[in-house]
Amino acid sequence: MLIPSTDITLEELLDRVPLAVQYVDKDGFLRYLNKTAAARPANIKREVGIDIRDCHAKPECLEMIELIFEDFRQGRKEPHYYVTSGIRKTIMVPKKK
């Protein structure tokens, strides 16, 4: 997808952002990650198509993920914010309808 009035694609733009950007669909499958996200250390191989529940082995993480997905299915519009160990802030934003 080209950004209007440029010759840059959305993916190229997101790859230039020094923040990890991942897109997960409503069913919990990873559909996109930029170069910064792909370069972050992970316990499992992160690739498009994986179920993100497989990336989070701790029961409390799985609980939180399921609660976030349920909130979004119920119509929550505001993002979820949380800080992970290592002081990394994560923001999960619902898809606009």
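A few comments on the model shown:
- The charge dipole of the chain, taken about its Cα centre with unit charges on the Cβ atoms of Lys, Arg (+1), Asp and Glu (-1) only, comes to about 200 debye.
- Summed over qualifying helices (DSSP H, 4 residues or more, each -39500 (n - 2.57)) and divided by its residue number, the chain shows a 222 nm mean residue ellipticity of -8000 deg cm²/dmol.
- Accessible-area value, residue 52, 1.4 Å probe, nucleic acids and ligands omitted, Å²: 20 Å²
- Rolling a 1.4 Å probe over the protein heavy atoms gives the chain an accessible area of 77 Å² per residue.
- By the rule of a C-alpha distance below 15 Å, with chain neighbours fewer than 8 residues away ignored, the aspartates and glutamates paired with residue 45 are 54.
- Sparse-neighbourhood loop sites, trypsin sites (Lys or Arg not before Pro) in segment 1-45 - DSSP loop, at most 12 other Cβ within 10 angstrom: 26, 45
- Spacing of the modelled spin labels on residue 61 and residue 48, each 7 Å from Cα toward Cβ, amounts to 2.4 nm.
- Residues with amide H under 5 Å from that of residue 32, placed H, sequence gap 5 or more: 23
- 3J(HN,Hα) along segment 14-19, derived from phi through the Karplus expression 6.51 cos²θ - 1.76 cosθ + 1.60 where θ = phi - 60°, amounts to 5, 5, 7, 6, x, 10 Hz, with x in place of Gly and Pro.
- Using a probe radius of 1.4 angstrom, the carbon and sulfur fraction of the accessible surface of the chain is 58%.
- A DSSP coil position with no more than 16 other Cβ atoms inside 10 Å describes the following GluC sites (Glu not before Pro) in segment 1-64: 47.
- If you sort the three axes of the alpha carbon gyration tensor as a ≥ b ≥ c, you get a/c of 1.5 or more for segment 1-51 and a/b no higher than b/c, which makes it oblate.
The values are calculated or read from the model by the stated rules, or taken from the named source; none is laboratory data. What you see is a predicted model; the values in this text were computed from it and never measured. Counting neighbours? That spans all protein chains shown, and the Cβs are built from the backbone with ideal geometry, glycine included. Heavy atoms of the whole protein, side chains included, go into the accessibility calculation; ligands, DNA and RNA do not. Shrake-Rupley method; radii C 1.70, N 1.55, O 1.52, S 1.80 Å.
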